[in-house]
Amino acid sequence: MGVTNENNFHFPTSFNGILIKSIQTYAEYFLNYLLLACITFLPFLLLIEISKLDIMDIVEFFHGNFLDIVIFLTVPTLAINKKVFPMATISLFVQRFFASAVIISFIQLGTLLFFITSFAQISLGVILIGIIPYIFLLFAGFFLIMENASKLISVRMNLLHSIKLVKGQFFSIFWNFISITILVFLPLFFFSLWYLGSHPEMITIRNDIGTTPEADSMIVQRFLTIVQDIVQESGFKWSRIGIHVLFRPLKSLFLTFLFLGIIQRVSPDTIARFLGQKNSSSDGVIVSDEETASNDKEEGSEKMI
């Protein structure tokens, strides 16, 4: 089941439908989306190299957020011209949306860390509840693109639009987000199991477990220390980066189609305006004229949700 806009671009609404659409789109434009993922990750490589701390989780969070917005930015040319323009899309993102995207990402990260930490102090069993406030801010970056404001910083209204949208579709969005997150995480999970299990130290620990109850606590401590050392190895780091860059665009596409499917249901005119904000230019990237930006600014709050 799904909905179709006036440009005959199908937006599925079920998990399976969105996943299939995402896989089909990624496969059809694989090189373009992989190039987007690689280019947007390049600045983070410098941070990884100069940092003495393990910042891979934070890097993957920020890169994922930026990639979500960049891939969403490809929707108009994808829907109308059936093309993706990686370099032009990144150029437009940096020029028009980068500053707001950074602020939105910091707000999302701060919200996620604060609530997860707070609930973790209560019990690890309720830590999933700490994700809920972050879910309400999930689509702020997408609204940033749809708003297409001419000002350098545009954050507040996009956060509010995201909260309002998720509030009306919470359980569906929560379920879809958790499901696609787990699905995209599985390749790294299975790789980690194989990589850790292939180390001789792990084989030794596995054989020592259960020998004596008194030694089990020491074995666990040694296990954690070995794991920490292994994940710092260059082979594991680069493999993790490769897996992230390869599979993360699929999640971005999934969130894009999930968002568009919901917006199409609650406000079809918004999708029509979004896809209509395109002038015929050589690079094929969306370009909004001043009249459209002005109208969106005046009517966005009432009609976008």
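The values are calculated or read from the model by the stated rules, or taken from the named source; none is laboratory data. Note that the structure is a prediction, hence the values are computed from the model and not measured. Counting neighbours? That spans all protein chains shown, and the Cβs are built from the backbone with ideal geometry, glycine included. The protein model used for the area step is the full one, side chains on, heavy atoms only, and it has no ligands, DNA or RNA in it. Shrake-Rupley method; radii C 1.70, N 1.55, O 1.52, S 1.80 Å.
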Checklist line | Pairs, first within 14 Å of Phe171 (Cα to Cα) and among the hydroxyl-bearing types (Ser, Thr, Tyr) in the range 131-152, second open to solvent by 20 Å² or more (accessible area, probe 1.4 Å) and assigned to a helix (DSSP H, G or I), C-beta under 8 Å, six or more apart | finding: Tyr134/Thr111; Tyr134/Leu112; Tyr134/Phe115
Margin query: Return the residues of the range 226-261 that are touching a Phe, Trp or Tyr at 6+ places or on another chain (Cβ under 6 Å), farther than 30 Å from Glu201 by Cα and open to solvent by 10 Å² or more (accessible area, probe 1.4 Å); say none if nothing qualifies.
Written below: Leu250
Margin query: Criterion first (more than 25 Å from Val84 (Cα to Cα), at pLDDT below 90, polar (S, T, N, Q) and open to solvent by less than 70 Å² (accessible area, probe 1.4 Å)) does Ser192 satisfy it?
Written below: no
Check: Looking at (1) in contact with a Lys or Arg (Cβ under 6 Å, 6 or more places away or on another chain); (2) at pLDDT 80 or above; (3) of a type in the set (A, V, I, L, M, F, W, C), can you tell me which one Ile286 breaks?
Finding: (2)
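One line per residue, one yes/no per condition, for (1) closer than 20 Å to Phe139 by Cα; (2) of a type outside the set (Gly, Ala, Ser); (3) open to solvent by less than 20 Å² (accessible area, probe 1.4 Å); (4) not in a helix (DSSP H, G or I):
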position	(1), (2), (3), (4)
Phe11	yes, yes, yes, yes
Tyr26	no, yes, no, no
Leu35	no, yes, no, no
Phe41	no, yes, yes, no
Leu45	no, yes, no, no
Ile48	no, yes, yes, no
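Right, Gln264: at pLDDT below 80 and open to solvent by less than 50 Å² (accessible area, probe 1.4 Å) or not?
Details: at pLDDT below 80: no; open to solvent by less than 50 Å² (accessible area, probe 1.4 Å): yes.
Spelling it out, it is not the case that Gln264 is at pLDDT below 80 and open to solvent by less than 50 Å² (accessible area, probe 1.4 Å).
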Notebook entry, point to check: Got a sec? Which of Met146, Met157 is modelled with pLDDT of 85 or more, over 16 Å from Gln108 (Cβ atoms), of a type outside the set (Asp, Glu) and out of contact with any Leu (no Cβ under 6 Å at 6 or more places or on another chain)?
Noted result: Met146
Margin query: Report every pair of residues separated by at least 6 positions or lying on different chains whose Cβ atoms are under 6 Å apart, first residue within the range 82-97 and under 11 Å from Thr40 (Cα atoms) and in contact (Cβ under 8 Å) with a residue 12 or more places away in the chain, second acidic (Asp, Glu) and open to solvent by 30 Å² or more (accessible area, probe 1.4 Å).
Written below: none
